């Protein structure tokens, strides 16, 4: 895609994967400090609670006029993180589908061709090409979709926090094949531990950006990120470390079929925001919050992670 090709920042359709075997993933716990539930707790009760939270989010999105394409997770092989499809796939306005290299071996089973075929067959979306970056796994290089990459689609910037799940080689591959300028940095939580995914510390909407700027410890890199966001016309809304831990950075702006804008986030994230932060966000979009505490606790991800935006064109 060339930079002259228009791609809106906000999608009107999202892919969601209904979990079949949700629970804490021991293969991801070492790099994800947001994942506080223990694998020993996993079982039918955890799965049932996660399923109810999934349905509540899907109902809220549908009620807001946002199109949802739901596919069921397959129970075999066991995929405890299947509810987070944005880590294995992204969809783009020129018909490109990107498949991503993932750190945990049991997460690689989430990449399912039948899901992509269902979008084309039942959703009427057109896929023009597939960019497969998964070969980087053989070199121990990873890039976990729009968890690792926060995209400013309209201005062709990709923001990436380097971590055990986000490496330079696949970032360069993505940038070359999709014509993005990549902005990299390192970020840590309040205790100095590396943050595993970029989309827990920042969100880029159409006219706003949420960022835990204090997590970017290098002042020059922090100023560069702020400058790029502001120069591209985004109102910068800064959040603190406690709000970061409450998933306040893990939100996503979407459009309804009637054109209304919605910022989707968890109830935990909304509760952490100040009155001023809420007011500033509400200038741009309606806030749509859903409680998903089980998914946040055991999966270490929040609402944004559950949604893979579909920017693909429709078949005529």
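The values are calculated or read from the model by the stated rules, or taken from the named source; none is laboratory data. Since the model is a prediction, treat every value here as computed from it, not as a measurement. Heads up, the Cβs are rebuilt from the backbone with ideal geometry, glycines too, and the neighbour counts pull from every protein chain shown.
Structure above, values below:
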| quantity | calculated |
| --- | --- |
| Residue match in segment 130-149 (condition: surrounded by fewer than 18 Cβ atoms within 10 Å (Cβ to Cβ) and within 16 Å of residue 312 (Cα to Cα)) | yes |
| Residue pairs meeting the criteria (Cβ under 9 Å; at least 6 apart or on separate chains; first on the phi > 0 side of the Ramachandran plot and surrounded by fewer than 17 Cβ atoms within 10 Å (Cβ to Cβ), in segment 68-84; second modelled with pLDDT of 95 or more and outside any strand (DSSP E or B)) | none |
| Filter result (surrounded by 21 or more Cβ atoms within 10 Å (Cβ to Cβ) and not in a strand (DSSP E or B)) within segment 296-310 | 296, 298, 299, 300, 301, 302, 303, 304, 305, 306, 307 |
| Elements of type strands (runs of 3 or more DSSP E) in segment 155-222, at least 1 residues being under 20 Å from residue 92 (Cβ atoms), in contact (Cβ under 8 Å) with a residue 60 or more places away in the chain and in contact with a strand residue (DSSP E or B) (Cβ under 6 Å, 6 or more places away or on another chain) | 157-161, 202-204 |
| Options 222, 156, 165: the member that is buried (at least 17 other Cβ atoms within 10 Å of the Cβ) and on the phi > 0 side of the Ramachandran plot | 156 |
| Residue within segment 26-47 that is over 18 Å from residue 311 (Cβ atoms), in contact (Cβ under 8 Å) with a residue 40 or more places away in the chain, outside any loop (DSSP other than H, G, I, E, B) and over 17 Å from the mean Cα position of the chain (by Cα) present | yes |
| Residue count for segment 120-154, restricted to those that are in a helix (DSSP H, G or I) and modelled with pLDDT of 95 or more | 10 |
| Long-range neighbours under 6 Å by Cβ, at least six apart or interchain, first residue free of Cβ contacts under 8 Å to residues at least 60 places away in the same chain within segment 228-247, second surrounded by 15 or more Cβ atoms within 10 Å (Cβ to Cβ) and in a helix (DSSP H, G or I) | 236/229; 237/277; 237/280; 238/213; 243/272; 246/268; 246/269; 246/272 |
| Residue 211 crowded, with 24+ Cβ neighbours inside 10 Å and modelled with pLDDT of 95 or more | yes |
| Filter result for residue 23 (in a loop (DSSP other than H, G, I, E, B) and surrounded by 22 or more Cβ atoms within 10 Å (Cβ to Cβ)) | yes |
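Table: residues versus (1) farther than 26 Å from residue 154 by Cα; (2) in contact (Cβ under 8 Å) with a residue 60 or more places away in the chain.
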{"position": "225", "(1), (2)": "no, yes"}
{"position": "250", "(1), (2)": "no, no"}
{"position": "260", "(1), (2)": "no, yes"}
{"position": "293", "(1), (2)": "yes, yes"}
{"position": "296", "(1), (2)": "yes, yes"}
{"position": "301", "(1), (2)": "no, yes"}
